[in-house]
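The values are calculated or read from the model by the stated rules, or taken from the named source; none is laboratory data. Since this is a predicted model, take the numbers as computed values, not measurements. Positions of Cβ are generated from backbone atoms using ideal geometry, with glycine treated the same way; all protein chains shown enter the neighbour counts.
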Amino acid sequence: MRGGAFLPAAIMLQSFPYLQSVPYQGTWVIGLRSSGNWIPAILVAIVAGVLDWRFRRIPNWLTVSGFGAGLAANTILYRWPGFKNALLGAALGLGLLLPFVLIRSLGAGDWKLAGALGACLGPRQLLSVLLITILLAGVMALVLVIFKGRLKKTLRNIANLVASLFSLRMPGSEVSLDDPHSTKIPFGVAMAAAVLFYAVGRAMGRI
């Protein structure tokens, strides 16, 4: 009888490879060590994507909360190595995108979102998410500029921004993506979509 009571739990564990069973005081406790840090990442990504799509703004309360949640989740799940991994992920996200913030081709909210997601996912998984984000943002930008008939001007602005990045100088206001007449890409939406895409692929065992 006692063995039959654990049959549903055994079936559940066989169905979801990311759930782990660990014995604790004679009972089975379902652990989420391999995927628990994705819970705050997905929640932060969804809220950030919605806010960026509707208001073109990602508030500090969300990014700071996401950073704290990622740090706490990784520390609880992996102790000291998880704490260090979360800090490295946040530092990587902030460091990689800082140059684009300085030349005003990326908003501060998007930059802080990358730091928060880095704290949740760690450096290795954040890199994968950022690569997917760049691809999605590129597709979104191409569709948008073609739809608006601004392909030539946008390509010229991108070239000027890239040149400014490599020459370590600030671009003129006429090529800033903060210009109300320029084509704006909701980078936070692309980043949120990348997190969801990666999470689904990982859950299906494709990534």
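Tallying residues that are part of a helix (DSSP H, G or I), at pLDDT below 95 and of a type in the set (A, V, I, L, M) within segment 100-124 yields 3.
With respect to the conditions (1) modelled with pLDDT of 95 or more; (2) surrounded by fewer than 19 Cβ atoms within 10 Å (Cβ to Cβ); (3) farther than 22 Å from Phe187 by Cβ, Val64 lacks only one, and its number is (3).
You will find that of Leu87, Leu62, Leu97, the residue that is in contact with a helix residue (DSSP H, G or I) (Cβ under 8 Å, 6 or more places away or on another chain), closer than 17 Å to Ala194 by Cα and either not in a loop (DSSP other than H, G, I, E, B) or not aliphatic (A, V, I, L, M) (or both) is Leu97 and no other.
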